[in-house]
1. Magnitude of the Cβ-charge dipole of segment 329-440, K/R +1 and D/E -1, about the Cα centre, nearest 20 debye?
2. In nm, what is the difference between 0.36 nm times the number of residues separating L432 and I141 and their Cα-Cα distance?
3. How big is the Cα convex hull of segment 209-269 in projection, averaged over all directions, in nm²?
4. Just flag the chymotrypsin sites (Phe, Trp or Tyr not before Pro) in segment 370-447 sitting in loop per DSSP whose Cβ has no more than 11 other Cβ atoms within 10 Å.
5. Positive end of the charge dipole of the chain (Lys, Arg +1 and Asp, Glu -1 on Cβ, about the Cα centre): tell me which of L421, N438, V375 has its Cα farthest that way.
6. In debye, nearest 20: dipole of the chain around its Cα centre with unit charges on the Cβ of K, R (+) and D, E (-)?
7. If the convex hull of the alpha-carbon atoms of segment 188-230 is projected onto planes in all directions, what is the mean projected area in square nanometres?
8. Provide the solvent-accessible area of R260, counting protein heavy atoms only and rolling a 1.4 Å probe, rounded to the nearest 10 Å².
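The values are calculated or read from the model by the stated rules, or taken from the named source; none is laboratory data. The structure presented is a predicted model; accordingly, all values stated were derived computationally and were not measured. Cβ atoms come from the backbone with ideal geometry, glycine included; neighbour counts cover every protein chain shown. In case anyone asks, the SASA skips ligands and DNA or RNA and just uses the protein heavy atoms, side chains included. Shrake-Rupley method; radii C 1.70, N 1.55, O 1.52, S 1.80 Å.
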Amino acid sequence: MRSSIFQDPKIRVSLGDAWKQLRVSLIKPLLYFALFACVLMSIMLFIERLYMTIVILYVKASGKKRYTQYQLDTVRAKMKQDGDHPKVLIQIPMYNESEVYKLSIGAACSLSWPQHRLIVQVLDDSTNKTIMTNVKAECRIWRNEGVNIKYENRANRNGYKAGALREGLQKQYVDDCEYVVIFDADFQPEKDFLEKTIPYLIDNKELGMVQARWKFVNADECLMTRLQEMSLNYHFSVEQEVGSSTCQFFGFNGTAGVWRIEAIRDAGGWKERTTVEDMDLAVRASLRGWKFVFVGDVLVKNELPSTFKAYRFQQHRWSCGPANLFKKMTKEIMLCKRVSIWKKIHLIYGFFFVRKIVAHWVTFFFYCMVIPTCVLVPEVYLPKALAIYIPAIITLLNTGGTPRSLHLLVFWILFENVMSLHRTKAAIIGLLEGSRVNEWVVTEKLGNNKKNQARVSFFRSRFQCGERMHKLEFMVGVFMLHCAVYNMFYDNDHMFVYLFLQSAAFFTIAFGCVGTFVPSMQ
């Protein structure tokens, strides 16, 4: 009976008219508003990327990278001749780091610096007794080698990394240290790291921090690490370099950096109010008048997360924290009288709003929601220049930092669009201070373990739906697949090619077919 009703041509025509009227009266205005908002955000992001590209091209063509303008040879020669080395503290915060603690401790203890002017402080918040015992034993080995190494373990994890760093600076043996160097547990500096960075701070009293660049030892581990390398290379080679060379603000990356301890204390010390304690400290120090320099030719080896689970947690923290900090510090930045109006605009608009919020939102809402929906609503005109050309230019500007991976451009676009779902969600949680706003999950490092353990492919491993199935990606994938099929049959603009590829990317990640898989991850 029901099927005969819907087979009636009059009924089908009336339903079609009702759907068309709904589209025109309700969906069309809402979609045009969303399209306008996304186009506006896209133009904002395009202008920001174009500005940074022009600046970095000028800097490279003129040879005016800021760190090359300092005269350090005299400082280094004087230090070597007089033996007048400042006392330096090295902090290595870690939490249950079973695979990489030897690498970081060994690299820090092997730095070229007079041993009586160096303190290595291992801030171990581990709760695993076996790991704690192993880390203590490693510290004991280096202490027997003559290294002034201190092992510190707290009874709690209050404040997470920020709390550990703050308590480490409060130790009495730190009182006569002038500078503090921070290395996360997977970071391995070269022996001459201190000789290449400390001299910047010695003769330039206005400098509060020196940031080195990261070098990824496992970039070729899998496709996911190659794609991460493309994004992070842009961050260091363009964003950090432009911020440093123009004397505008750029953020501390949380590791592989040297701080003047006076600057940390002047800025109010480490705070755990967000999950980006490094950015929080850098903003407060900048508002106090301290300057930073990015030294792009000092590379520190470290490890990219090669499991998708670890990468998701990292991206949540990196997206939620800045949005939350933006909410907390906007008023403070606006009322600060020690910095210029242009620096305030750069901080609020350029650094926070465009890079930390707009960049995520426009990627997800425009490319994964609005454009596919426009396919289903033919009454809405989608300008191809705004939907294709501007995003294409932004993409090319973003990937210029890694020429060796340009052949992976399509994969990078699809992967970044999928990850924008999580980054957008995290940014909204940060702005609204949702339930996961202060979630802190340490990024898992595999170290040499991944070389010794056999890989487990997706199809041969035991499928556990609760762990491997990601519902949000699956639902967006179904939506985009529906839009692709509709476009293929009812339109002739070939948008279905992009929609099919993007839906496939969502399904690939929805079923966990990405990243490195090791037996321990099952």
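1. 540 debye
2. 100.0 nm
3. On the way: hull surface 19.6 nm².
If I average the Cα hull's projected area over directions, I get 4.9 nm².
4. Those satisfying the criteria are Y381.
5. Among L421, N438, V375, the one farthest towards the positive end of the dipole of the chain is V375.
6. It comes to approximately 580 debye.
7. Working: hull surface 16.5 nm².
Mean orientational projected area (segment 188-230, Cα hull): 4.1 nm².
8. 20 Å²
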